[in-house]
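Scroll down for the structure; my scribbles are underneath it.
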Amino acid sequence: MNRKGQIVKRSFLLVVMFVLVMVAAVNAGGLITNVDNRDITELDGIWNIIVDPFENGFYDYRYKEYSWGFFKDAKPRNEYEMVEYSFDDSETLQVPGDWNSQKEKLFFYEGNIWYRKKFDYELAEGKRLFVYFGAVNYEAVVYLNGSKLGVHTGGYTPFVFEITDKVRKGNNTLVLKVDNTRQHNAIPTVMSDWWNYGGITRRVLLIEEAGTFVRDYKIQLAKGSQKNIDGWVQLDGAKAEQEVTVSIPEAGVSKSFTTNEKGYAKFNFDANLELWEPGSPKLYKVVVKCGTDTIEDKIGFRSLEVKGSDILLNGKSVFLRGICIHEEAPLRHGRAYLKEDAEVLLGWAKDLNCNFVRLAHYPHNEFMTRTADEMGILVWSEIPLYWTIQWENKEVYNNAVKMLDEMVARDKNKASIILWSVSNETPVSEPRTKFLGSLADYTRELDPTRLVTAAMEKHTRGNNVEIADPLGEYLDVLGCNEYIGWYEGDNFGKQWVTPYDKPLIMSELGGGALQGYHGGERVRWTEEFQDRVYKGQIPMLKNISFLRGVSPWILRDFMSPRRPLPYIQDYYNRKGLISERGIKKQAFYTLQEWYKEKSEE
């Protein structure tokens, strides 16, 4: 395609993306953000469960959705009536939490489990009530008091339902059908290299709000500016048109605006601010007020842009000293979901002399991004478009758009987030590039203040490694995974080239080692072998002129069903620099020393 054709194609895609953004702006009203600073009631704790691999509680014998399914939480009304299940007498699971690590019999389980939680509530007159889920893997069908609230698909992003008209004074019953079955047309698909943890894996909250309230807002520095705040606010309720005040008390700023008939107002004003950066993660109290509703947040302000092969943070070139992290608890089995988990994982990253983490391969829980804001750690966040996606399936594309909407909506005010990633290790094809190119443009329309990236394909020709993936045209920052020394031979003298005048983050590299297993540096799985891989990588990386970041794979050993080697892996991916017991391996200190040198440059 000639240059004129490329311009026409991109223009058409941008028009399509604009329409999608407008549609998303209407649909995205469903998410309530900044939940920790609202009037919340936690529904965490013990939930009753029923394991239902054949979906007997959902379908009748004609395979139609059963109108008297398990969601009714029925009890026999007399000694003659037959009810073939009982939540009251069933076993239990802790929420939040995955079912795989809580019960040995569910270790490999993929299928359906019903969850039930009873709670008492008395909703004040004029108030509204919502039920919020931090994440449920993968499909959740949600019921309250026997009525279906809705369905959510996707295992790593939050969702919410209003229950104002369905909640009862006194006792209520919340029931979920949770299905983590892998599907070829899902995101991710049947192929992935991490554990398919099922269940209600993050918090469940009741959120009480005024009749009209501040549902969402964006308050960030405008693209290319270090003092101009550009944002918007979205109200929800009958009194849509009213005055809204946005204030930053410490900066002496208070501005008022009037929302339109849809409760939306866009604003723009200047402020003298201390900018957020890794060495000084300044957070300001920001207050948004409408009528009787007030919500507070802690927001950092920083500028971000790309100039040639440089990433500029607050106008200065930055090198991203990073590490990849999976959402596994640092010192126990299963999903990470506590603030304490985030503090340990990111604390390890800081100990490694990191200023950057790649949260692979899906949006992590909000404690991770909040804690990164507080600790001054830059973040790459991505959706799980991974390996074998059905690129020509429109429903798959729509699902990806929804995941992006939910990821960006939750974290758009986090200063730590600098990169939205649209994919990881996807093979080059025209449908794939069209899919991901459109998604990259859509991401940029959703949030023009951050950079768009992806972990792309590369090609080796002789001693050259070329990053010429056509997806690079659509990205602000190139990402590339390479495993020289582990999967790809051990020629660390390779030269890296690219036709793109853009910065590169080496988004994965490394090798595996069983902590405590020692031997020669040529003996695979030893700590010495892993350390040799890192010592070989560092000189090669230093010679890549357009390299502006590194995030080796991975901080901590994590579970994967693809890794069954007895006595060595035992269903763990052993590429961690720290073991599952929290013990640092030899290569940790090698990388730590290099990062110390980089921090002093």
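Take ASP98 and decide whether it is under 24 Å from the mean Cα position of the chain (by Cα) and not in a strand (DSSP E or B). Yes; evaluated as a whole, the condition is true for this residue.
Listed by first and then second residue, the pairs with beta-carbon distance under 7 Å, at least 6 apart or on different chains, first residue in segment 551-562 and closer than 14 Å to TRP348 by Cα and open to solvent by less than 10 Å² (accessible area, probe 1.4 Å), second in a loop (DSSP other than H, G, I, E, B) and among the hydroxyl-bearing types (Ser, Thr, Tyr), are ASP557/SER579.
Please find, among ASN100, ASN112, the residue that is in contact with a Pro (Cβ under 7 Å, 6 or more places away or on another chain), open to solvent by less than 80 Å² (accessible area, probe 1.4 Å) and of a type outside the set (Gly, Ala, Ser). I'd like the intermediate steps shown before the answer.
Details: ASN100 fails: in contact with a Pro (Cβ under 7 Å, 6 or more places away or on another chain).
Unique residue meeting the criteria: ASN112.
Listed by first and then second residue, the pairs with beta-carbon distance under 8 Å, at least 6 apart or on different chains, first residue in segment 156-177 and surrounded by fewer than 17 Cβ atoms within 10 Å (Cβ to Cβ), second among the basic types (Lys, Arg) and assigned to a strand (DSSP E or B), are THR164/ARG128; ASN171/LYS118.
Take the residues in segment 38-57 that are hydrophobic (A, V, I, L, M, F, W, C), more than 30 Å from LYS289 (Cβ to Cβ) and in a strand (DSSP E or B); name whichever of them is most open to solvent (accessible area, probe 1.4 Å). It would help to see each step written out before you state the result.
Just the residues of segment 38-57 that are hydrophobic (A, V, I, L, M, F, W, C), to begin with: 40, 43, 46-47, 49-51, 54.
Narrowing the set further to residues that are more than 30 Å from LYS289 (Cβ to Cβ) leaves 46-47, 49-51, 54.
Now restrict to residues that are in a strand (DSSP E or B): 46-47, 49-51.
Working: ILE46: 93, TRP47: 0, ILE49: 3, ILE50: 26, VAL51: 50 Å².
Among residues in segment 38-57 that are hydrophobic (A, V, I, L, M, F, W, C), more than 30 Å from LYS289 (Cβ to Cβ) and in a strand (DSSP E or B), the one most open to solvent (accessible area, probe 1.4 Å) is ILE46.
If you check GLY237, GLY224 for being at positive phi, open to solvent by 10 Å² or more (accessible area, probe 1.4 Å) and modelled with pLDDT of 95 or more, only one passes: GLY237.
Every residue, every condition in (1) among the polar types (S, T, N, Q); (2) more than 26 Å from GLY322 (Cβ to Cβ); (3) surrounded by fewer than 22 Cβ atoms within 10 Å (Cβ to Cβ); (4) in contact with a strand residue (DSSP E or B) (Cβ under 8 Å, 6 or more places away or on another chain), yes or no:
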position: TRP380; (1), (2), (3), (4): no, no, no, yes
position: TYR386; (1), (2), (3), (4): no, no, no, yes
position: GLN390; (1), (2), (3), (4): yes, yes, yes, no
position: LYS394; (1), (2), (3), (4): no, yes, yes, no
position: ASN399; (1), (2), (3), (4): yes, yes, yes, yes
position: LYS412; (1), (2), (3), (4): no, no, yes, yes
position: ILE418; (1), (2), (3), (4): no, no, no, yes
position: SER423; (1), (2), (3), (4): yes, no, no, yes
position: THR426; (1), (2), (3), (4): yes, no, no, yes
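Which of the residues that make up segment 408-448 are part of a loop (DSSP other than H, G, I, E, B) and either of a type in the set (A, V, I, L, M, F, W, C) or closer than 14 Å to LEU304 by Cα (or both)? Let's see the steps before the verdict.
Within segment 408-448, the subset part of a loop (DSSP other than H, G, I, E, B) is 412-416, 425-429, 447-448.
LYS412, ASN413, LYS414, ALA415, SER416, VAL428, ASP447, PRO448 - these are the residues of segment 408-448 that are part of a loop (DSSP other than H, G, I, E, B) and either of a type in the set (A, V, I, L, M, F, W, C) or closer than 14 Å to LEU304 by Cα (or both).
Entry remark, segment 356-370: residues being buried (at least 24 other Cβ atoms within 10 Å of the Cβ) and touching a residue at least 60 places away in the same chain (Cβ under 8 Å) number 9 in total. Residue check: is GLY252 open to solvent by 50 Å² or more (accessible area, probe 1.4 Å), on the phi > 0 side of the Ramachandran plot and of a type in the set (Gly, Ala, Ser)? In short, yes. Mind checking which residues of segment 296-335 are in contact with a helix residue (DSSP H, G or I) (Cβ under 8 Å, 6 or more places away or on another chain) and either among the hydroxyl-bearing types (Ser, Thr, Tyr) or surrounded by fewer than 20 Cβ atoms within 10 Å (Cβ to Cβ) (or both)? Within segment 296-335, GLU296, ASP297, LYS298, PHE319, LEU331 qualify. Screening ILE219, ILE200 for residues that are touching a residue at least 40 places away in the same chain (Cβ under 8 Å), buried (at least 18 other Cβ atoms within 10 Å of the Cβ) and touching a Pro at 6+ places or on another chain (Cβ under 8 Å) leaves exactly one candidate, ILE200.
Looking at segment 157-261, the strands (runs of 3 or more DSSP E) lying wholly inside it that each contain 2 or more residues that are under 26 Å from TYR362 (Cβ atoms) sit at 159-162, 170-179, 204-209, 213-221.
The values are calculated or read from the model by the stated rules, or taken from the named source; none is laboratory data. Because the structure is a prediction, the values reported are computed rather than measured. As a convention, Cβ positions derive from the backbone with ideal geometry for all residues, glycine included, and neighbour counts pool all protein chains shown. Accessible surface areas use protein heavy atoms only, side chains included; no ligands, DNA or RNA. Shrake-Rupley method; radii C 1.70, N 1.55, O 1.52, S 1.80 Å.
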